[in-house]
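A.B. asks: Below is the structure I would like to discuss, written out as structure tokens.
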Amino acid sequence: MLTASNLSLSRGDRRLFSGVSFTLESGQWLHLEGDNGVGKTSLLRLLCGLISLEEGEILWKGQTTTKTPEVFRADLAYLGHQLALKQDLSPLENLRADAAISGRELSVKDAMAALAQMGLRSREHLPVRVLSQGQQRRTALSRLIFSTAALWILDEPFVALDAAAQNALAGMINAHLSRQGMVLLTSHQAVSLAGPGRSYKLTA
Amino acid sequence: MSAFAAVLKRDLVLALRRKNEVITSVFFFVVVAALFPLGIGPEMNTLRLVGPGILWVGALLASMLSLGRMFAADHADGTLEQMALSPNSLSVLVAAKILAHWLLSGLPLVLLAPVIGLQFDLSANALWILTLSLLLGTPVLSLIGAIGAALTLGVRGGDVLLTLYKLTA
């Protein structure tokens, strides 16, 4: 269970948001809404621990995330605006390196299967830089297929995807929710996911 | 594969696909070291005196050339974020990056030093000492440089700051 209580964040002199509180239980999703520049991405980065907390508290399974960050990070999968793909490596090499860095072994066979599931068959060995924007996003999203993290924090995951890929992603999220996973996401598109979930409107 | 090995392997593979970046700093070292004997002239005693110093300055500048790139690309494409969110200790991952930097920009200089030292008419004994001192010194340059590269990451005009930091450190 993820509990955020009374989070606030300032950037320079400007207060982005304050008093943000919510709870996310196993098998639930939360759709973070808000206008451009209201601080959705910053809130997600704050929850991950990429921005240091000024006020408030973030609890993961009842523990403060800043106190035991490695426990929290082992349960966390974050996908931001930057896809964290190396342009000179192939999707296959990217996936396997990512898995190893987050402490898991990923066989070539499993990685190929994950890429095929995201519609990247026969693109596995091309350098990422020759792939289209959408294909690069698909590559980044295929990390989630073999992710063992309980909490997915996804920043605009549906951007630049075609209808088929959006369905595939929604399917992955639904499967994750049915495994009692948790999903926290931002999206400007309407989100229809299975299982219990709700929207949280972020305002200045 | 451990996270340390994965980061090391990824950085080495990336460098092999972009060979010009590695070759630039090695070539720079060779050119700097080769210009001095030409400029000073065939004064064997002077050359012998200044040789080790010039090689050290060359090594320092050459390692600085590639320092800016140590974390910059990872910062730009978001890889650094993912490394920071890895359950593995960030220090271990950064150590792998520093080792990769040394293997690509320090080790070639150590291997070249005895050859370049010949231009300065250094004795076999002096060549040994020079090579060994570079073998000890270039990893330190990478390690100290990593602090500077990390501190100036994302700062506009960071390269100038990094040069100042590295030269004073």
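A.B. asks: Taking chain A as a Gaussian network, where each spring joins two C-alpha atoms under 10 Å apart, which residue of A:G62, A:G34, A:G49 fluctuates the most?
C.D. replies: Residue with maximal mean-square fluctuation among A:G62, A:G34, A:G49: A:G62.
A.B. asks: Within 10 Å of each Cβ of A:73-85, how many other protein chain Cβ atoms are there on average?
C.D. replies: Rounded to a whole number, the mean comes out at 4.
A.B. asks: Quick one: among B:V30, B:V22, B:V50, which has the greatest mean-square fluctuation in a GNM of chain B with alpha-carbon springs under 10 angstrom?
C.D. replies: B:V50
A.B. asks: Where does the longest stretch of chain A lie that holds no trypsin sites (Lys or Arg not before Pro) found in a DSSP loop with 12 or fewer other Cβ atoms within 10 Å?
C.D. replies: Longest gap between qualifying sites, sites excluded: A:1-66.
A.B. asks: Under 5 Å between amide hydrogens, which residues at least 5 positions from A:E55 or on another chain qualify, with H placed 1.01 Å from N in the peptide plane?
C.D. replies: Hits under the 5 Å cutoff: A:S8.
A.B. asks: Using a 10 Å cut-off around each Cβ of peptide B:60-69, what is the average number of partner chain Cβ atoms that fall inside?
C.D. replies: Mean shielding count: 0.
A.B. asks: Looking at the square roots a ≥ b ≥ c of the eigenvalues of the Cα gyration tensor of the range B:43-103, which shape do they give, rounded for a/c under 1.5, prolate if a/b is larger than b/c, or oblate?
C.D. replies: Prolate, since a/c reaches 1.5 and a/b exceeds b/c.
A.B. asks: If you don't mind, there's one more thing I want to ask. Under the definition of partner shielding as Cβ atoms of other protein chains within 10 Å of a residue Cβ, what is the mean value for peptide B:72-85?
C.D. replies: Mean partner shielding for this stretch: 6.
A.B. asks: Which of B:V7, B:V115 has the fewest other C-beta atoms within 10 Å, and how do the rest follow up to the most?
C.D. replies: B:V115, B:V7
A.B. asks: Quick check: the distance between the Cα centres of the range B:87-161 and the range A:102-140, to the nearest angstrom?
C.D. replies: Each part reduced to its Cα centre gives a spacing of 34 Å.
A.B. asks: What does DSSP give for chain A in terms of the percent of beta bridges that are antiparallel, rounded to the nearest 5?
C.D. replies: 45
A.B. asks: Can I ask one more? Ordered by residue, what ³J(HN,Hα) values in Hz, to whole numbers, does the range A:196-204 give under the Karplus form 6.51 cos²θ - 1.76 cosθ + 1.60, where θ = phi - 60° and Gly and Pro are x?
C.D. replies: Karplus-based 3J(HN,Hα) across the range A:196-204 equals x, x, 7, 9, 10, 8, 8, 10, 6 Hz.
A.B. asks: Averaged across orientations, what area in nm² does the convex hull of the alpha carbons in the range B:3-168 project?
C.D. replies: 10.1
A.B. asks: Could you give the alpha-carbon Rg of the protein assembly as shown over 2.2 N^0.38 Å, rounded to two decimals?
C.D. replies: 1.19
A.B. asks: Separate question: Among B:V31, B:L55, B:Y165, which residue has its Cα positioned farthest towards the positive end of the charge dipole of the protein assembly as shown, with +1 placed on the Cβ of Lys and Arg, -1 on the Cβ of Asp and Glu, and the dipole taken about the Cα centre?
C.D. replies: So the residue we want is B:V31.
A.B. asks: Exposed loop GluC sites (Glu not before Pro) only (DSSP loop, at most 12 other Cβ atoms within 10 Å): please give the longest stretch of chain A free of them, not including the sites.
C.D. replies: My reading of the result: A:106-204 is the longest stretch.
A.B. asks: Dipole of the protein assembly as shown (Lys/Arg Cβ +1, Asp/Glu Cβ -1, origin at the Cα centre): which of A:S5, A:T41, B:G137 lies farthest to the positive side?
C.D. replies: The one lying farthest along the dipole's positive direction is A:T41.
A.B. asks: Hey, in the GNM for chain A with a 10 angstrom Cα cutoff, which one of A:A97, A:A84, A:A175 fluctuates hardest?
C.D. replies: Between A:A97, A:A84, A:A175, it is A:A84 that shows the largest mean-square fluctuation.
A.B. asks: Quickly estimate the mean residue ellipticity at 222 nm for chain A, helices only: each DSSP H run with n ≥ 4 gives -39500 (n - 2.57), and the total goes over all residues, rounded to 500.
C.D. replies: After summing the helix terms and dividing by the residues of chain A, the value is -9000 deg cm²/dmol.
A.B. asks: Using a cut-off of 27 Å between alpha-carbon atoms, which lysines can reach A:K109, once sequence neighbours fewer than 8 places away in the same chain are excluded?
C.D. replies: A:K86, B:K9
A.B. asks: Over the C-alpha atoms of the range A:83-148, what are the Rg and the largest Cα-to-Cα span, Dmax, in Å?
C.D. replies: 10.3, 29
A.B. asks: How about the range B:1-51: which trypsin sites (Lys or Arg not before Pro) there lie in a loop by DSSP and see at most 14 other Cβ atoms within 10 Å?
C.D. replies: B:R18
A.B. asks: Another question, if that's okay. Among DSSP bridges having both ends in the protein assembly as shown, what percentage is antiparallel? Round to the nearest 5.
C.D. replies: 45
A.B. asks: Which lysines does A:K201 reach when only Cα atoms under 25 Å apart count, and residues fewer than 8 places away in its own chain are ignored?
C.D. replies: By straight Cα distance, A:K201 reaches A:K40, A:K61.
A.B. asks: Here is a follow-up. Let me make sure I get this right: for chain A, a, b and c are the square roots of the gyration tensor eigenvalues over alpha carbons, sorted descending. Under 1.5 in a/c it's rounded, otherwise prolate if a/b > b/c, else oblate. Which is it?
C.D. replies: prolate
A.B. asks: For the protein assembly as shown, with the dipole built from +1 on Lys and Arg beta-carbon atoms and -1 on Asp and Glu ones, taken about the Cα centre, which of A:M112, B:N88, B:S66 lies farthest toward the positive end?
C.D. replies: Farthest towards the positive end: A:M112.
Since every read-out is calculated from the coordinates, none of them should be taken as a lab result. Here the structure is a predicted model, which means the values were calculated and not measured. No Cβ is skipped: glycine too gets one built from the backbone with ideal geometry, and neighbour counts run over all protein chains shown.
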